[in-house]
Amino acid sequence: MKKLIGWSLLLALLLTVGLTGCGGGSGAADDDNGEDGGLAEKAVIKWGTNAAFPPFESINPQTGEVEGFDKDLADIIGEELGVEMEVVDTSFETLFAGLESKKYDLVIAGVTIKTSRLEKMDFSDPYFEAGQVIVVRADYDEIEDEYDFAGKRIGVQISTTADDFVSDMQAGEEDYEGTPIDIKEIKRYDNYPQAFLDLQHGNIEAVVVDEPVGKPYVQEHGDKVKLVSDEPFIKEKTAIAFRKGDTEMVEKINAILAKIMEDGRYDALVEKWFPEDEN
């Protein structure tokens, strides 16, 4: 795939990069027996997601069930651990709060590894690499890159890294320190389908979104929207999130990720959910 991490590169990352937190036990979501033991001893592991982020996760309109790359990955993890994986679909805005309050045991939701998040939670090794792209209406040519956001209304999903990046642009922080972009308005949506609909109706000038979400949407709705560039303007890595100190489970899942990248199951997921981006 063009932007997915190749399995050989990921194997090197898995062997050399440890994004686990410091030691110390942590509880897990209560299981069916009302116990609050370690994840490795649970018969059911609950994982949180926001099923409005295709092809990572979305609701199948025919079955009403969650499907996507992350759902299949969660199923493989469950098979390897010998447990049932129970999905909890919630808003992205409350996703990490639910993890902290033990509504579920881990989060698989296209979550980007960020320094600010590492202070509050632990992450698996990265299983995906992509970035942020800019989507505009098909007949709109006034934005060539993020610096053209000045005077424009920009849509993002609330509490995502896109929200963070665009907020940093407006405030002149992080990568945009000293060079703030005078964005007219940042409109925050509960999910990206809402943002894309507002874009098509002319209520915003652009949407900033993860590349694996934005590209398929543009391919499906090419008569209405387009990408400003095929290349993301910001690169980022995706991983599974855990409560701080859940070191044992992080290590178990890292081992599973390494295994499926070597035995071909990871590539099969890529082929299924991102066929246009195969290497």
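The values are calculated or read from the model by the stated rules, or taken from the named source; none is laboratory data. For clarity, every value in this text was computed on a predicted model and none was experimentally measured. Methodologically, a virtual Cβ is constructed for each residue, glycine included, from the backbone with ideal geometry; neighbour enumeration extends over all protein chains shown. The protein model used for the area step is the full one, side chains on, heavy atoms only, and it has no ligands, DNA or RNA in it. Shrake-Rupley method; radii C 1.70, N 1.55, O 1.52, S 1.80 Å.
Structure summary
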| read-out | value |
| --- | --- |
| Extension gain from ALA150 to ILE234, taking 0.36 nm per residue of separation minus the Cα-Cα distance | 28.4 nm |
| Inter-label distance, nm, simple model (7 Å from Cα along the C-beta direction), LYS226/GLU248 | 5.6 nm |
| Pairwise Lys count, the stretch 144-233 - Cα closer than 19 Å, eight or more residues apart or different chains | 6 |
| Per-residue ³J(HN,Hα) for the stretch 250-264, Karplus 6.51 cos²θ - 1.76 cosθ + 1.60, θ = phi - 60°, Hz, x for Gly and Pro | 4, 5, 4, 6, 4, 5, 5, 4, 4, 5, 6, 6, 8, 8, x |
| Relative packing of 258-270, 107-119, 231-243, which averages over residues the other C-beta atoms within 10 Å, highest first | 231-243, 107-119, 258-270 |
| Amide H partners (placed H, <5 Å) of ASN50, local residues excluded | THR90 |
| Carbon/sulfur fraction of accessible area - the stretch 140-222, other protein chains in place, 1.4 Å, % | 39 percent |
